[in-house]
Amino acid sequence: MSKQPQVGAKKTGSLKGISVLVVEDYPFMVDMLTAMLREFGVGRIIVAENGEEAKDLIRYSFSASGNAIDMVLVDWLMPVCNGVELLQWVRGNKNEQIRFLPMVLISANTSERVVKTSRDFGANEALVKPVSPKSLSSHLAHVINHPRPFVKAPGFFGPDRRRQFREINFNDRRKTAPELVKEYHEQL
Amino acid sequence: MSSSDANPESANPQEDMDDGVEMFHRVNRLKMKTGLLPNDDNVFRIEKEKVDSAQVIIESKASLYPNEVKNVLNALDKAWQDSKKAATRDKAKPHLEKLFHKANQIKDLASTFSYVLMQYFGMSLRDFIEKIDIENPKHLIIVQAHIDVMWVVLNENIKDEGGDKAKELKMIVAKAIEKYSQ
């Protein structure tokens with residue numbers, strides 16, 4: 001008997017119609033990433049060995065005869081053209097569709113410098129190695145569910161990283177730092 | 001025009017009144033491509049079963065680790081021999097770049113399968129290559145110490161960094177760096 005969809009059940013979406021470009025120079029890591037993406041149900045996975053090859057594939061995918069790439073997963077450290085250089089090329093591109101392409105930068109380095117550099121060059125997300133199915137799936141979902149508006153400012157084009165302050169119309173139960181410190185001392 | 005009714009294919013610049021930067025609010029095409037509406041309550045997510053099944057596939061690749069590390073270590077060794085044979089810093093540069101990337105690959109591979117000690121030496125070697133002077137004989141000793149201990153780690157299948165052998169190997173490299181890095 002076939003399963004009947006539940007009335008009122010929330011839809012979760014599918015990656016069947018999504019094209020992902022994986023840019024990574026190490027074949028073993030390419031296998032790992034593509035295996036994960038396939039299991040997640042990504043419809044089309046394209047692989048580039050380095051940033052230069054990725055540029056050609058992106059250009060072609062956004063040409064009249066191409067099938068547009070929806071998202072790029074790019075390794076930070078690669079010979080020929082690295083992840084940051086590719087990111088700069090994408091964000092500085094004259095083609096409007098290429099400029100807004102969601103970019104996830106993969107790095108083995110968790111240092112603040114790496115996160116800051118990814119942000120400064122306009123990455124949508126920074127993913128830390130080793131990449132697990134859990135971390136990859138949550139980053140993909142975040143890029144899909146929470147796209148930030150883009151900002152164009154002198155010397156920067158990319159997702160808006162500024163904190164957003166929003167008015168709330170209910171009782172704020174969060175505590176301020178001085179309140180937390182006071183509470184801590186009271187508990188001692 | 002509000003952000004929600006903009007043409008998905010066109011950027012929709014809006015002036016931010018606070019700081020004068022140009023803001024682009026675009027329709028969420030990516031979410032639409034997953035079959036959901038950009039602003040509805042449905043949140044895109046990858047089902048747990050798919051994540052679990054990907055995890056099983058990744059774990060099944062762990063058996064390939066020893067052979068794969070061996071291949072990369074061989075390539076790293078070759079890049080190191082080529083670097084040493086190069087007569088000048090300029091000629092050594094492409095070989096050292098290859099060595100740098102091979103060390104990085106070992107680090108990535110080891111971290112994926114939780115081979116902590118190999119990850120430590122891969123990263124240490126990669127970081128040292130960034131500042132190496134190939135014409136300084138002392139620096140050659142440091143690289144060689146790294147490569148030697150990495151072979152030991154592989155051949156003796158040492159995974160963690162807590163055991164006596166692991167501590168001994170880390171000490172060898174630490175002493176080489178301390179003695180010869182100047």
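Filtering the stretch A:39-69 to residues that are out of contact with any helix residue (DSSP H, G or I) (no Cβ under 8 Å at 6 or more places or on another chain) and over 19 Å from A:Gln97 (Cβ atoms) leaves A:Val42, A:Glu49, A:Asn50, A:Glu52, A:Glu53.
Looking at this structure, is B:Glu49 exposed (fewer than 15 other Cβ atoms within 10 Å of the Cβ), within 18 Å of A:Lys11 (Cβ to Cβ) and not hydroxyl-bearing (Ser, Thr, Tyr)?
It is true that B:Glu49 is exposed (fewer than 15 other Cβ atoms within 10 Å of the Cβ), within 18 Å of A:Lys11 (Cβ to Cβ) and not hydroxyl-bearing (Ser, Thr, Tyr).
When the stretch B:25-42 is limited to residues that are at the interface with chain A (Cβ under 7 Å from one of its Cβ atoms) and modelled with pLDDT under 90, the one that is surrounded by the fewest Cβ atoms within 10 Å (Cβ to Cβ) turns out to be B:Asn42. If B:Asp108 satisfies every condition in (1) touching a Pro at 6+ places or on another chain (Cβ under 9 Å); (2) surrounded by fewer than 21 Cβ atoms within 10 Å (Cβ to Cβ); (3) within 13 Å of chain A (Cβ to nearest Cβ) but one, which is the exception? All conditions pass for B:Asp108, except number (2). Only one of the numbered conditions (1) polar (S, T, N, Q); (2) modelled with pLDDT of 90 or more; (3) more than 30 Å from B:Gln55 (Cβ to Cβ) is not met by B:Gln119, and that is (3). Taking the stretch A:78-99, which residues are surrounded by fewer than 21 Cβ atoms within 10 Å (Cβ to Cβ) and assigned to a loop (DSSP other than H, G, I, E, B)? Hits for the stretch A:78-99 are A:Pro79, A:Val80, A:Cys81, A:Asn82, A:Gly92, A:Asn93, A:Lys94, A:Asn95. Select, from B:Ser63, B:Ser53, the only residue that is of a type in the set (Gly, Ala, Ser), within 30 Å of B:Leu154 (Cα to Cα) and touching a helix residue (DSSP H, G or I) at 6+ places or on another chain (Cβ under 8 Å). None of the other options fit; the residue is B:Ser53. In the stretch A:13-32, of all residues being of a type in the set (A, V, I, L, M, F, W, C) and within 8 Å of another protein chain (Cβ to nearest Cβ), the one that is surrounded by the most Cβ atoms within 10 Å (Cβ to Cβ) corresponds to A:Leu15. All conditions but one from (1) more than 7 Å from chain A (Cβ to nearest Cβ); (2) modelled with pLDDT of 90 or more; (3) more than 30 Å from A:Ile18 (Cα to Cα) apply to B:Lys48; the one that does not is (3).
Is it the case that B:Leu140 is touching a residue at least 40 places away in the same chain (Cβ under 8 Å), out of contact with any Asp or Glu (no Cβ under 9 Å at 6 or more places or on another chain) and among the hydrophobic types (A, V, I, L, M, F, W, C)?
Against the criterion (touching a residue at least 40 places away in the same chain (Cβ under 8 Å), out of contact with any Asp or Glu (no Cβ under 9 Å at 6 or more places or on another chain) and among the hydrophobic types (A, V, I, L, M, F, W, C)), B:Leu140 qualifies.
Looking only at residues of the stretch A:33-43 that are over 17 Å from the mean Cα position of the chain (by Cα) and more than 7 Å from chain B (Cβ to nearest Cβ), we find that the one that is farthest from A:Ala108 (Cα to Cα) is A:Gly43. Give the number of residues within the stretch B:93-126 that are in contact with a His (Cβ under 9 Å, 6 or more places away or on another chain) and polar (S, T, N, Q). Residues meeting the conditions: 1.
Screening B:Val27 with (1) under 24 Å from A:Leu101 (Cβ atoms); (2) in contact with an Asp or Glu (Cβ under 7 Å, 6 or more places away or on another chain); (3) among the β-branched types (Val, Ile, Thr) gives one miss only, at (2).
Only one of the listed residues (A:Phe121, A:Phe100) is hydrophobic (A, V, I, L, M, F, W, C), within 10 Å of chain B (Cβ to nearest Cβ) and closer than 28 Å to B:Met23 by Cβ. That residue is A:Phe100. Hey, can you tell me all the residues within the stretch B:54-82 that are surrounded by 15 or more Cβ atoms within 10 Å (Cβ to Cβ) and more than 30 Å from B:Ile134 (Cβ to Cβ)? Matches in the stretch B:54-82: B:Ala54, B:Gln55, B:Ile57, B:Ile58, B:Lys61, B:Tyr65.
Could you tell me whether B:Ala86 is more than 26 Å from A:Tyr26 (Cα to Cα) and over 19 Å from the mean Cα position of the chain (by Cα)? Judged against the criteria, B:Ala86 is not a match. For beta carbons closer than 6 Å, sequence separation of 6+ or different chains, a first residue in the stretch B:73-93 that is under 23 Å from B:Trp151 (Cβ atoms) and a second that is among the hydroxyl-bearing types (Ser, Thr, Tyr), the qualifying pairs are B:Ala92/B:Ser83.
The values are calculated or read from the model by the stated rules, or taken from the named source; none is laboratory data. Keep in mind that this is a model prediction, so the values were computed, not measured. Neighbour counts are summed over all protein chains in view; Cβ atoms, including those assigned to glycine, are modelled from backbone coordinates with ideal geometry.
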